[in-house]
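Please read the structure below before turning to the comments.
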There are 2 protein chains.
Amino acid sequence: MEHAATGYEGIDWRSKCPISSALDIIGDKWSLLIIRDLFMHGTRTYSEFRDSDEGIATNILASRLKLLSSLELIERTDPDRPARGNAFTLTERGAALRPALEELARWSQAHLKEFHADMVEIAQPEAEVEQ
Amino acid sequence: MEHAATGYEGIDWRSKCPISSALDIIGDKWSLLIIRDLFMHGTRTYSEFRDSDEGIATNILASRLKLLSSLELIERTDPDRPARGNAFTLTERGAALRPALEELARWSQAHLKEFHADMVEIAQPEAEVEQ
DNA sequence: TTCCTGACTTGCATCTTGCAAGTCAAGAGT
DNA sequence: ACTCTTGACTTGCAAGATGCAAGTCAGGAA
């Protein structure tokens, strides 16, 4: 394999610290945005992620989806159907990141407006109502 | 300037989303570890950061300290003395990240042990008692 | 006045990202 | 059955970020 090695076996933990370990996984500019999209929409397909405002590159997207799946933070809504149209959801482990995300958003809104004036209030990082 | 361009003017915000904006700043593997060290010790010098378990490279450390200072998440304990021995502290803005860090640690301890068995309980991300 | 030692900077190799083009297979339509 | 379309990826290469080893530089201590 050349490109995009993924799978959690490949992670080398920098230390035994929980915070450091969390960052070993989601400490980059994209992973938490994928999680965020799932909180906001409940479910999301590859192309919906791809078309998000931030504009993630498709190779990065694919590799992050693979990593997050291998760590079971996300999973396909229908594990045994082919990929096309087969969206992703949060697993319990992924959904458990919600408080962390919320605190991060709260901090951002309270302290980053000064640098980034047109930042928006968060819609409410809440899955849309089912049905 | 060749190396290590820093200062918040250089940040290009990917979107108006607060979470995305937070990640534009602290969305990497090192920044939050600097913040963590400050929570745990109250104060920290360059070499103390450098000697942390995770082993940050000195060029990265210097550039992160510069960026976090320019965003006023951290500051020198004594702004007008020379750098040597002049530690860093959290500003109010930096200290406000505590809930987010705590939730992240909580999540990590609850959900990452399975992949990283020897992860340690967090000491208590609380500044040591003064004096 | 020299020596030492923190606090950085620099150069270069390597790894990760970003971007533009593919490729591939499952349906939809005919 | 056969082509056409379109999501879901891969690949190649350029550009940027990181990691490592080696400096540089200034402020005390001796």
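Read the figures in this text as sums done on the coordinates, not as results from a lab. Here the structure is a predicted model, which means the values were calculated and not measured. Don't worry about glycine lacking a Cβ; one is built from the backbone with ideal geometry, like all the others, and counts go over all protein chains shown.
Could you run the Karplus curve 6.51 cos²θ - 1.76 cosθ + 1.60 with θ = phi - 60° over region B:19-27 and give me ³J(HN,Hα) per residue in whole Hz, x for Gly and Pro?
Result, ordered by residue: 5, 4, 5, 4, 5, 4, 9, 9, x Hz.
Based on other C-beta atoms within 10 Å, arrange B:I60, A:I74 from fewest to most.
Lowest count first: B:I60, A:I74.
Can you give me the orientation-averaged projected area of the convex hull built on the Cα atoms of the protein assembly as shown, in nm²?
Over all viewing directions, the protein assembly as shown projects a mean Cα-hull area of 16.2 nm².
Along Cα-to-Cβ, 7 Å out, sits the label point; list in nm, shortest first, how far the one on B:R84 is from those in the other copies.
Sorted ascending, the copy-to-copy spacings read 6.9 nm.
Would you be so kind as to identify which of A:M40, B:S21, A:S63 lies farthest towards the positive end of the dipole of the protein assembly as shown, taking Lys and Arg as +1 and Asp and Glu as -1 on Cβ and the Cα centre as origin?
Of A:M40, B:S21, A:S63, it is A:S63.
Nearest 500 deg cm²/dmol is fine: what mean residue ellipticity at 222 nm does chain B get from its DSSP H runs of n ≥ 4 alone, each adding -39,500 (n - 2.57), divided by its residue count?
So the helix-based figure for chain B works out to -12000 deg cm²/dmol.
I need the phi-derived Karplus couplings for region A:37-47: 6.51 cos²θ - 1.76 cosθ + 1.60, θ = phi - 60°, integer Hz, Gly and Pro marked x.
These are the phi-based 3J(HN,Hα) values: 4, 6, 5, 7, 10, x, 8, 7, 8, 3, 6 Hz.
Using modelled backbone amide H atoms (1.01 Å from N, in-plane), which distant-in-sequence or interchain residues come within less than 5 Å of B:R44's amide H?
B:F88
If you place +1 on the Cβ of every Lys and Arg, -1 on the Cβ of every Asp and Glu, and leave all else neutral, what size is the dipole of the protein assembly as shown about its Cα centre, to the nearest 20 Debye?
It comes to approximately 300 debye.
Could you put A:F39, A:F49, A:F115 in order, starting from the residue whose Cβ has the fewest other Cβ atoms within 10 Å?
Least crowded to most crowded, the residues run A:F115, A:F39, A:F49.
Quick query: amide H of A:I74 versus all other amide H atoms, modeled in the peptide plane; which residues come in under 5 Å with a sequence gap of 5 or more or a different chain?
Those qualifying (amide H under 5 Å, at least 5 residues apart or on another chain) are A:S69, A:T91.
Any of B:K16/B:K66; A:K16/A:K113; A:K16/A:K66 with alpha carbons more than 32 Å apart? Name them for me.
Among B:K16/B:K66; A:K16/A:K113; A:K16/A:K66, the Cα-Cα distance tops 32 Å for A:K16/A:K113.
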